[in-house]
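The values are calculated or read from the model by the stated rules, or taken from the named source; none is laboratory data. Only a predicted model underlies this, so the values are computations on that prediction, with no experimental measurement involved. Glycine gets a Cβ as well: all are built from the backbone with ideal geometry, and neighbour counts include every protein chain shown.
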């Protein structure tokens with residue numbers, strides 16, 4: 001019985017041994033044999049194991065491997081053009097060793113024999129850069145693994161963990177991290193960053209699609225402003241969880257088309273504090289996400305809610321998520337108004353910079369959206385594959 005972490009460690013050990021020992025050396029052969037046995041054991045449970053390496057994240061299927069967070073080999077493999085790795089049924093020992101040799105060649109930038117490359121094309125191991133739209137990376141020596149995204153499974157997962165919070169008071173962080181990883185993969189699957197956003201089928205899905213959109217926009221803006229991978233991921237999780245306190249608000253209030261009563265408004269205004277409590281009560285250290293949940297409705301000038309007894313500055317992440325939150329809310333059809341066009345929403349952000357929004361963050365967001373406009377894919381149906389749906393940026 002093997003597991004993905006054990007296999008990847010054996011895989012890394014085999015490559016390290018191949019750098020130290022010549023072909024045929026007993027130590028080299030033992031390391032390769034051990035990794036191959038771990039792969040066979042892993043395939044006994046998961047016939048076609050799939051790994052994705054992205055920044056500090058190592059993902060098995062759709063599950064982030066927490067034990068391998070910031071695993072050095074993940075970054076090295078991604079830099080060598082191996083972001084996605086899939087083993088098909090019945091991988092042969094010869095194919096596996098040839099694959100390890102190719103990985104080693106890529107890592108050391110040494111040339112490989114063309115006959116070996118031809119053999120790899122017929123291999124049962126697929127790897128390469130991640131492609132979101134189903135195309136193959138041009139000029140690749142081996143088949144490029146591809147991913148087609150509808151984001152439907154991610155939306156289902158968000159709805160599920162929101163229900164878990166509502167009914168059991170438990171925040172399943174593993175599933176939240178998996179959604180953020182999937183959204184990050186969808187963004188980085190082509191040569192240019194792609195911003196995949198969801199539109200509602202029905203307004204009662206607002207908390208699901210809005211949370212995913214804010215997570216995507218927060219990660220995109222963090223990258224656009226030059227933040228590192230760890231911060232980008234943390235901002236994505238904060239964006240995904242910023243409205244988690246709304247699970248305690250009845251659906252009839254969330255979807256109410258008219259004005260709120262004073263009691264309903266007071267209940268709505270409690271969701272930032274409720275969200276922070278929910279996050280802090282989880283077993284994980286999510287201080288940043290809790291702060292963002294609490295502060296994301298507070299304006300630069302101190303207006304908004306909740307109100308502070310003594311005025312203070314909000315966290316940079318809270319101010320960033322606030323920009324993304326308002327933009328997506330303006331771009332969404334609501335029971336009481338139609339969605340704003342993109343340009344109108346961007347003009348609103350610019351006009352409120354310095355009072356409601358941090359000027360640097362609002363300005364950066366507007367520049368990002370205008371610069372990346374051709375790479376914004378709005379999905380009208382959560383299960384329409386990204387790239388085959390209509391492109392809508394108006």
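Structure data summary
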{"quantity": "3 or more residues assigned by TED's automatic domain parsing to the domain that holds residue 175, under 19 Å from residue 209 (Cα atoms) and in contact (Cβ under 8 Å) with a residue 40 or more places away in the chain: qualifying helices (runs of 4 or more DSSP H) within region 270-348", "calculated": "287-295, 316-330"}
{"quantity": "Residue ID - modelled with the lowest pLDDT, chosen from residues in region 99-126 that are over 12 Å from residue 18 (Cβ atoms) and either surrounded by 17 or more Cβ atoms within 10 Å (Cβ to Cβ) or not assigned by TED's automatic domain parsing to the domain that holds residue 79 (or both)", "calculated": "120"}
{"quantity": "Residue ID - modelled with the lowest pLDDT, chosen from residues in region 151-187 that are crowded, with 18+ Cβ neighbours inside 10 Å and outside any helix (DSSP H, G or I)", "calculated": "151"}
{"quantity": "Members of region 209-262 that are farther than 23 Å from residue 290 by Cβ and over 22 Å from the mean Cα position of the chain (by Cα)", "calculated": "250, 251, 252, 253, 255, 256, 257, 258, 259, 260, 261, 262"}
{"quantity": "Candidate set: region 1-27, residues that are in contact (Cβ under 8 Å) with a residue 40 or more places away in the chain and part of a loop (DSSP other than H, G, I, E, B); chosen: the one surrounded by the most Cβ atoms within 10 Å (Cβ to Cβ)", "calculated": "2"}
{"quantity": "Residue 331 vs. criteria surrounded by 17 or more Cβ atoms within 10 Å (Cβ to Cβ) and at pLDDT below 95", "calculated": "yes"}
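To keep it simple, each residue is scored yes or no on (1) at pLDDT 95 or above; (2) within 23 Å of residue 186 (Cβ to Cβ).
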{"site": "355", "(1), (2)": "yes, no"}
{"site": "358", "(1), (2)": "yes, no"}
{"site": "363", "(1), (2)": "yes, no"}
{"site": "367", "(1), (2)": "yes, yes"}
{"site": "374", "(1), (2)": "no, yes"}
{"site": "382", "(1), (2)": "no, yes"}
{"site": "385", "(1), (2)": "no, yes"}
{"site": "389", "(1), (2)": "no, yes"}
